[in-house]
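To keep things clear, I will list the structure first and then write my remarks on it.
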Amino acid sequence: MKISVQENDFDAAMEIAELRANNARIGAIASFIGLVRDNNAGDAVTAMTLEHYPAMSASILLDIGEQAMRRWRIEDVTVIHRTGTLQLGEQIVLVAVAAPHRHDAFLACEFIMDFLKTAAPFWKKERTAQGERWVEPRATDEEARQSWIDPTDISGR
């Protein structure tokens, strides 16, 4: 499993090639790449700054990846999350999941993103014509995370 929190950009094709290298059990790779878009909540966005809690961010991403590996039949996971100031169109995050079959790869990729958006200590500040503002969590992100939680699991995860 590869987990990285970094300022530098990443090469998604290279990361996926590394993920699948020398593993003939892999029959599918599902991936997600998040980008800085030019609008949010009806306002034009010109840039975004991502901050994180360094003592915890990589550890929580690792925990999320390990949860996915326990829940689905997957071979490997890569999660890269960038920090710092990013311009429009720049890559923010890569989640890639390798599995024998597509169904497990898709589900695990979606699970990782849903938990990353709600449980990992990252904060986004957008630059707009009106100034800078922190991006508030969306109710739909928390609803997506809650849909994965097993009510019989007393750990709360």
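All of the numbers you see were taken from the coordinates with simple rules; none came from a lab. Just so you know, these numbers come straight off a predicted model, no measurement behind them. Using ideal geometry, Cβ is built from the backbone for each residue, glycine included, and neighbour counts are taken over all protein chains shown.
Points worth noting:
- Only the Cβ atoms of Lys and Arg (+1) and of Asp and Glu (-1) were treated as charged; on that basis the dipole of region 1-115 about its Cα centre amounts to roughly 460 debye.
- Close amide H contacts of residue 83 (hydrogens built in the peptide plane, cut-off under 5 Å, sequence separation of 5 or more or a different chain): 6, 7.
- In summary, region 2-145 shows an alpha-carbon radius of gyration equal to 1.07 times the 2.2 N^0.38 Å reference for compact globular proteins.
- Separation of alpha-carbon centers, region 1-66 and region 98-152, rounded to whole Å: 12 Å
- Most to least packed among 137-148, 52-63 [average Cβ atoms within 10 Å]: 52-63, 137-148
- Remark: spin-label model distance residue 87-residue 146 equals 4.0 nm, labels positioned 7 Å along the Cα→Cβ axis.
- Applied to region 69-83, the Karplus parametrisation 6.51 cos²θ - 1.76 cosθ + 1.60 on θ = phi - 60° returns per-residue 3J(HN,Hα) values of 5, 6, 7, 10, 7, 10, 8, 6, 9, 10, 10, 10, 10, 8, 10 Hz, with x for Gly and Pro.
- Estimated inter-spin distance, residue 70 and residue 106, nm [label 7 Å along Cα→Cβ]: 2.6 nm
- Between the beta carbons of residue 14 and residue 135, assuming R0 = 41 Å, the FRET efficiency works out to 0.90 to the nearest 0.05.
- Placed amide H near residue 47: partners under 5 Å, 5+ positions off or other chain: 127
- Sparse packing (at most 14 other Cβ atoms within 10 Å of the Cβ) combined with a DSSP loop state is found for the following trypsin sites (Lys or Arg not before Pro) in region 1-68: 25, 37.
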